[in-house]
Amino acid sequence: MSALGELRTMAKGRGSGRRDVRSKNPDNKAGFAFLAPWLVGLVVFTIGPMLASLYLSFTDYNLLQPPRWTGLDNVSEMLGDERLWNSLRVTLTYVVVSVPLQLIFALGIAMLLDRGMRGLSFYRSVFYLPSLLGGSVAIAILWRQVFGADGLVNGFLSWFGIEGPGWISHPDFALGTIIVLHIWTFGSPMVIFLAGLRQIPEMYHEAAQMDGAGKIRRFFSVTFPLLTPIIFFNLVLQIIFAFQSFTQAYIVSGGTGGPSDSTMFFTLYLYREAFTELDMGYASAMAWFLLIIIAGFTAFNFWLSRFWVFYDD
Amino acid sequence: MTTAGSQITSPAQLEVPLVAPPAGGRRRSLKLTPGRIAVYAALTVLAIIVLYPMLWLFLSTFKPSSEFGQNQGLLPESPTIDNYLKVIEGIGGIPLWRFFSNSLLLAVAAVVGTLFSSSLAAYAFARIRFKGAGIFFAAMIGTLLLPFHVIILPQYIMFQRLDLVDTFWPLIIPKFLATEAFFVFLMVQFIRNIPRDMDEAARIDGAGHLRIFMSIILPLIKPALITSAIFTFIWTWNDFLGPLIYLTSPENYPLPIALRLYNDQTSTSDYGATIAISFVALLPVLLFFLVFQRFLVDGVATQGLKG
């Protein structure tokens, strides 16, 4: 069961393995001994810092002087910070465009591969490779070459007599190159879809076929409904991760978020506020704002899932 | 609610073996029909498009810098290994091997730390009944989804107060405390699918949890350990934000940060060296991929790793 499946069962109140603890002597000592490193990590590196950044959100703190309580000053500053709203718009565009495109692409290719083909594992590996490399600085640097004014893409376009712009240095296209990079890493959701497709019992397809359902009908009445939990899983996780993208925008724009802030992701702006401006209070407030946005999107996704996700249990 | 002592709780778990069934498990005819040929052709074209940038990257490492911008083709017109010679020399007086060994040290430490701490936590969640197990398990799943920006600034402030900025410790210590919940979860799933007969027999023979963990569970979850090790290595190797924040002096830089140096300082002049060091940085990941692709693909297929 996936992490999200686990969450779903927990939310429904029938926790995985909801057995009576007290009936068979619980072994608290051993439990906490084995859990000790994780528990220390949870307190020191997760819960502690979460509370600290919540506190810092209401302060002015530059690392040198002690934090100064300023109440809601950071919030009101955020409301009037046009660069922040622009960065949020850039991030939202990235999330809303790149995630669905990547998933549709991944599902399409997975369905092509699931036709019991020879060489499936070869194609699966080839398509998966970019997912492994896509987050690296090296690939982002390669992207600057591929989409540069004298790059690979324009070289290709020139065969057809088209003179392409400098994609990376044009404010209208720079974000698009990062979206293409994200779509290029369609392999990992594709692998998950493929595993899901292979779990659909063949008899469902056979039964539908016997009832005279054509290919398209079978997709919408058998494949798609049975795959919705996996699509949902991918959608939720990819959205959460896409909101946090940083490296690609940083490298492709040379750390500036340019041209004219067109690749200034929210996370990039946050990084600059924290580590260039040393405005830790403001950056913390931004981080909590991001958390709230992501939580909102995730909750909305879960709510929406009642209308389209089909659970076979 | 507790998760300790749970075994298989949903049919989905039974159906998801960690190692996916071999390709072509579904019985359909493999005859070449025109439709099938079209599909093969489409997939092959796509594979070429997907791989082309990487092939171009590799072959471009042999192009002299002056050829960039003029020759967008695959093959260099006047092949040279000058780029590699320049890259090996390093940048700013720091040789390449230094960046490389920094990266290697960070990645190996992360693998050791993650395997150690995640397997212990996973055993506790999957096999021991104790108070609060359910809440802790929920917290673990929660940290999977938590955006790291809300914790990274106070972490930085903490390490700065401890005077550990510009050392490797901020990047290594968290790995020994199982902060990558993905791997805890992966191992929990794996342990839950191991029948309990063996531990129960060992327990009757008087073995404690440590004994059962060391001599029964660990050997049985080897595939999950290998998958976790490979992913930890690759993610740490590619990690950018962590080293960017914590490591300030160039002699401590791992490869991705050194790469940025090339990207920032020489982006207008020395394309050749920049491309060559990019390729060098990808090389270990490519090797891992070639050797362990089955583990990687199966790991993603069953656990939905973000990889």
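The values are calculated or read from the model by the stated rules, or taken from the named source; none is laboratory data. These numbers were taken from a predicted model, which means no experiment stands behind them. Backbone-built Cβ (ideal geometry, glycine too); neighbour counts: all protein chains shown. Note: accessible area is taken over every heavy atom of the protein model, side chains too, but ligands, DNA and RNA are not part of it. Shrake-Rupley method; radii C 1.70, N 1.55, O 1.52, S 1.80 Å.
Between amide H atoms placed 1.01 Å from N, distances below 5 Å from residue B:90 occur with B:96, all of them 5 or more places distant or on a separate chain.
Note on chain A: dipole from Cβ charges, positive end direction compared against A:289, A:238, A:38; the farthest Cα belongs to A:38. For chain B, hydrophobic long helices are taken as DSSP H runs at least 30 Å long by C-alpha position along their axis with mean Kyte-Doolittle hydropathy of 0.0 or more; these are B:34-60, B:96-127, B:271-303.
Considering only alpha-carbon pairs that sit under 8 angstrom and 6 or more positions apart, the relative contact order computed for the stretch B:34-80 is 31 percent.
If you take the accessible area of A alone, add that of B alone, and subtract the area of the pair, what total do you get in Å², probe 1.4 Å, to the nearest 100? Summing both chains' loss of accessible area gives about 10300 Å². Averaged over the residues of peptide B:292-301, the number of Cβ atoms from other protein chains lying within 10 Å of each residue's Cβ is 5. Think of the stretch B:199-307 as a dipole: +1 on every Lys or Arg Cβ, -1 on every Asp or Glu Cβ, centred on the Cα centre; then among B:221, B:244, B:254, B:221 lies furthest on the positive end.
Amide hydrogen proximity for residue A:59: with H placed 1.01 Å from N in the peptide plane, the residues at 5 or more positions away or on another chain lying under 5 Å are A:70.
Label zone of residue A:65 (point 7 Å out along Cα→Cβ, amide N under 20 Å): in the stretch B:152-179 this covers B:157, B:161.
To the nearest 500 deg cm²/dmol, what mean residue ellipticity at 222 nm is calculated for the protein assembly as shown from DSSP H runs of n ≥ 4 alone, each contributing -39,500 (n - 2.57), summed and divided by the residues? Each step should come with its number before you reach the end.
Working: 30 runs with 398 residues, N = 620.
Rounded to the nearest 500, it is -20500 deg cm²/dmol.
With one equal scatterer per alpha carbon and no solvent term, the Debye-computed log10 I(q)/I(0) for the protein assembly as shown at 0.05, 0.08, 0.09, 0.11 1/Å reads -0.23, -0.61, -0.78, -1.18.
How much net charge surrounds residue A:252 when only the other residues with a Cβ under 15 Å from the Cβ of residue A:252 are counted, with Lys and Arg +1 and Asp and Glu -1?
Working: positive: A:144, B:260; negative: A:172, A:261, B:264.
Local charge sum for residue A:252: -1.
Working from label points 7 Å from Cα in the Cα-to-Cβ sense, the residue B:52 to residue B:220 distance is 5.0 nm. As a calculated quantity, the FRET efficiency between residue B:167 and residue A:55 at R0 = 22 Å, using C-beta atoms, amounts to about 0.25.
What FRET efficiency comes out for the pair residue A:149/residue B:194, r = Cβ-Cβ distance, R0 = 51 Å, nearest 0.05?
Rounded to the nearest 0.05, the efficiency is 0.35.
Probe radius 1.4 Å, ligands and nucleic acids ignored: give me the carbon and sulfur share of the accessible area of chain B as a rounded percent. Here it works out to 67 percent. Listed by chain and number, the aspartates and glutamates whose C-alpha is less than 20 Å from the C-alpha of residue B:131, apart from same-chain residues fewer than 8 away, are A:6, A:20, A:27. Panel note: contact residues of the stretch A:104-125 (accessible area lowered by at least 40 Å² against the chain on its own; 1.4 Å probe) correspond to A:112, A:115, A:116, A:117, A:118, A:123, A:124, A:125. With the simple model of a label 7 Å out from the Cα in the direction of the Cβ, residue B:40 to residue A:204 spans 3.0 nm.
Work out the mean other chain Cβ neighbour count within 10 Å for the residues of B:282-289 and drop it here as an integer. Show your work: numbers first, answer last.
Working: counts 7, 1, 0, 5, 3, 0, 1, 5.
If you average over the peptide's residues, the count of other-chain Cβ atoms is 3.
Extension gain, residue A:300 to residue A:97, is 71.3 nm, computed as 0.36 nm per intervening residue step minus the present C-alpha separation. The residue among A:222, A:258, B:114 whose Cα reaches farthest toward the positive pole of the charge dipole of the protein assembly as shown, with charges on the beta-carbon of Lys, Arg, Asp and Glu, is A:222. Computed with every protein chain present, the accessible area of residue A:264 is close to 0 Å² [probe 1.4 Å]. Pairs of C-alpha atoms in the stretch A:73-307 farther apart than 33 Å represent 30 percent of all such pairs. What the Kirkwood sum gives for chain B is a hydrodynamic radius of 22.7 Å, with every pair of different alpha carbons counted. Placing R0 at 41 angstrom, the Cβ-Cβ distance between residue A:122 and residue A:211 gives a FRET efficiency of 0.70 after rounding to 0.05.
Across chain A, the mean sequence separation of Cα contacts (distance under 8 Å, 6 or more residues apart), normalised by length, yields a relative contact order of 27 percent. Based on C-alpha pairs under 8 angstrom that are at least 6 apart in sequence, the stretch B:91-301 has a relative contact order of 34 percent. Each peptide among B:186-192, A:277-283 gets the average number of other Cβ atoms lying within 10 Å of its residues, and from highest to lowest they stand as B:186-192, A:277-283.
Which value, in debye to the nearest 20, gives the size of the charge dipole of the protein assembly as shown about its Cα centre, when Lys and Arg are +1 and Asp and Glu are -1 at the Cβ?
2520 debye
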